[in-house]
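The values are calculated or read from the model by the stated rules, or taken from the named source; none is laboratory data. Just so you know, these numbers come straight off a predicted model, no measurement behind them. Cβ: placed from backbone, ideal geometry, glycine included. Neighbour counts: every protein chain shown. To get the accessible areas, we keep the full protein, side chains included, count just its heavy atoms, and leave off ligands, DNA and RNA. Shrake-Rupley method; radii C 1.70, N 1.55, O 1.52, S 1.80 Å.
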Amino acid sequence: MTNASFVKADTIRSDFSAAMSAMYRKEVPAYGTLMSLVARVNDEALAADPLLKTRLEATDSLGRISEERHGAIRLGTAHELAMMRRVFAVMGMHPVGYYDLSTAGVPVHSTAFRPVGDESLRRNPFRVFTSLLRLDLIADEVLRKEAAEVLSAREIFTDEAVRLVEKAERDGGLDVSDATRFVQEVLETFRWHDRAIVSAGMYKRLHDAHRLIADVVSFRGPHINHLTPRTLDIDKVQALMPEEGIAPKAIVEGPPTRKCPILLRQTSFKALEEAVSFAGEHGTWQAGSHTARFGEIEQRGVALTPKGRALYDKLLNDTRARVRPAADGSNAGEYEAALTDVFQAFPDDWNGIRKAGLGYFSYSLTEKGKAAASHRNADLETAIEDGLVQFDPIVYEDFLPVSAAGIFQSNLGDDAAQEFVASPNQVMFERDLGASVLDEFAHYAAIERASLTMCMTVVNMAAAAE
């Protein structure tokens, strides 16, 4: 039973997202430059397309665009993952989806913590793509054991953060004072630390095994490695980044430019090389550097059904069979041309996507539908043709493993891509998480089904009454 004086989870999440953004802007000034650029491009996109602005306003999603962020962290142990789940639960964020990135040369598997309800998403759709290091994929048995020992000795959450999580779980929420303190304490987990907890020699060995392994194991906590704003025109942002002194990665990850965006497109700027100190003998420190944190931008499109996702995956694989994007960007133009050509097989109009069963849509009554203008029981297509029901694409709120791996690799260095045996293990991940992840396909389908049921119930009830 929740107390009326408790702060809503949506409010805690919004406060935490704002605090995280302010901290990251201070730590990585280029993030502030990126935010300003995205805001300008979004304003221009809305001014150029009044219909887009109208539909975003009608679906209550315009207000969330400027607030929208996703972050990414990389954890080292099952204990850290399970505790992170409990922390995010206080913010109304749930684990959605399972992602195996070992198939793309990155030794982690992941989920995305995010809100799932319509009202919560409108309030603040903050997401954190959360990866767990797969120590079992490290071939060097000695290094694997040493890394496990380092990780087992660290505690990434403050004692006060743990106490407040336990209090929220016990009491059913946090009051204003505790919620404020909770945000401050949890922020410490995501803060950058420029002193490593390993020696320079061990860092090199971890780095040689995989740069991401070094990033996860070598520091006191899982520093936030990027925060991502949402843009309405990622190609324009990509083109303008150099004018702001920001060098973008060679290609935009995901599907090609389309009139009707699908899934998720992402780009980023190269990770920063930052000064760090490594633990030496007798309390001394050795100067060095580490590369991990970067800036990213995303453009979101419609969520795809299993049929649509299968087609997307096939077309992406067909493209990469024709042209494999080079790490140095030398064949970026060739790859993008092939991507555009291959994806002509995917319909590029909303009604075509909907009728083919490739995407999820939310249905709503038009003004005519609300006025019960129907004179007969109508099926869905008739109701749409008669102007009683309209549909809007359901925004894809989740992630793409190949795209995520592409972003990781391009920002860990051009030589970071390595071969790992594909080994998805959702059972192991959920065991470590301490909970099951939500199936995103089932979730989107339920949203679509509920909107459709509401519309057709009203239309057919009105018709039956006439």
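Listed values, structure above:
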read-out: Lysines with Cα under 21 Å of Lys259, excluding same-chain neighbours fewer than 8 positions away; value: Lys53, Lys236, Lys307, Lys314, Lys355
read-out: Dipole of the chain [Lys/Arg +1, Asp/Glu -1 at C-beta], most positive-end residue of Val96, Asn331, Pro229; value: Val96
read-out: Spatial separation of Cα centroids for the range 104-123 and the range 13-48, in angstrom; value: 19
read-out: Accessible area (Å², per residue) of the range 121-170, counting only protein heavy atoms and a probe of 1.4 Å; value: 47
read-out: Considering only the chain, percent of DSSP beta bridges that pair antiparallel, nearest 5; value: 80
read-out: With Cα atoms, 0 to 90° folded angle of helix 29-48 axis to the chain main axis; value: 10
read-out: Calculated [θ] (222 nm, deg cm²/dmol) that DSSP helices of n ≥ 4 give over the chain, each run adding -39,500 (n - 2.57); value: -14500 deg cm²/dmol
read-out: Within straight-line cross-link reach of Lys8, lysines at Cα separation under 19 Å, skipping those fewer than 8 residues along the same chain; value: Lys167
read-out: Proximal charge balance of Arg258 [Cβ under 11 Å; K/R count +1, D/E count -1]; value: -1
read-out: Charge tally in the Cβ shell below 13 Å around Tyr24, where Lys, Arg are +1 and Asp, Glu are -1, Tyr24 excluded; value: +3
read-out: Rounded percent of accessible protein surface that carbon and sulfur make up, the range 198-310, 1.4 Å probe; value: 53
read-out: Neighbourhood charge, 14 Å Cβ-Cβ cut-off, centred on Arg322 and excluding it, Lys, Arg +1 and Asp, Glu -1; value: -1
read-out: Listed candidates (i) 25.5, 82; (ii) 23.4, 88; (iii) 29.8, 93 - label of the one calculated as Rg and Dmax of the Cα atoms in Å; value: (ii)
read-out: Accessible-area composition of the range 1-137, carbon plus sulfur, in percent [1.4 Å probe]; value: 54
read-out: Estimated dipole of the chain in Debye, rounded to 20 [Cβ of Lys and Arg +1, of Asp and Glu -1, Cα centre]; value: 220
read-out: Span from the the range 327-352 Cα centroid across to the the range 138-201 one, whole angstrom; value: 41
